[in-house]
Amino acid sequence: MVLDEKVITNGEPDNEEEEEEEEEDLVDPLETMREKCAEIEHCVHTQARLEQCETRVNARSSTTEDCTEELFDFLHARDHCVAHKLFHSVK
């Protein structure tokens with residue numbers, strides 16, 4: 001004798017795919033602000049310095065140099081911009 005399992009849902013979508021589609025519609029405002037702030041002049045400049053450093057480091061076979069300073073400069077510039085804009089849009 002085989003018993004069929006039935007799942008009782010209370011108004012929830014029958015399909016997991018429907019659930020995933022609904023979640024995809026949500027957009028994180030922090031990510032949106034980060035993308036916008038990464039395009040301002042100061043952030044573009046610090047990102048270019050980071051990319052130059054990465055190119056220089058990757059071109060060498062053995063080096064002790066890393067791009068930590070350039071990465072922190074870029075992240076600081078971007079997050080500084082985000083901090084001023086994001087909290088005005090938070091309700």
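The values are calculated or read from the model by the stated rules, or taken from the named source; none is laboratory data. Just so we're clear, the structure is a prediction, and the values are computed from it rather than from any experiment. Cβ placement follows ideal geometry from the backbone for every residue including glycine, while neighbour counts extend to all protein chains displayed. Side chains are part of the model used for accessible areas, which takes the heavy atoms of the whole protein and leaves out ligands, DNA and RNA. Shrake-Rupley method; radii C 1.70, N 1.55, O 1.52, S 1.80 Å.
If I filter the stretch 79-91 down to residues being open to solvent by 90 Å² or more (accessible area, probe 1.4 Å) and either touching a helix residue (DSSP H, G or I) at 6+ places or on another chain (Cβ under 8 Å) or not in a helix (DSSP H, G or I) (or both), which single residue comes out as nearest to L30 (Cα to Cα)?
Applying the filter and picking the extreme gives K85.
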Q. Within the stretch 37-80, how many residues turn out to be among the small types (G, A, S) and in contact (Cβ under 8 Å) with a residue 12 or more places away in the chain?
A. 2
Q.
Could you tell me how many of the residues in the stretch 52-78 are more than 18 Å from the chain's Cα centre (by Cα) and either exposed (fewer than 13 other Cβ atoms within 10 Å of the Cβ) or under 30 Å from S89 (Cβ atoms) (or both)?
A. 15
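Could you say whether any residue in the stretch 60-70 is at pLDDT 75 or above, part of a helix (DSSP H, G or I) and hydrophobic (A, V, I, L, M, F, W, C)?
Checking the stretch 60-70: not a single residue is at pLDDT 75 or above, part of a helix (DSSP H, G or I) and hydrophobic (A, V, I, L, M, F, W, C).
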Q) Within the stretch 38-48, is even one residue among the polar types (S, T, N, Q), open to solvent by 90 Å² or more (accessible area, probe 1.4 Å) and modelled with pLDDT of 90 or more? A) no
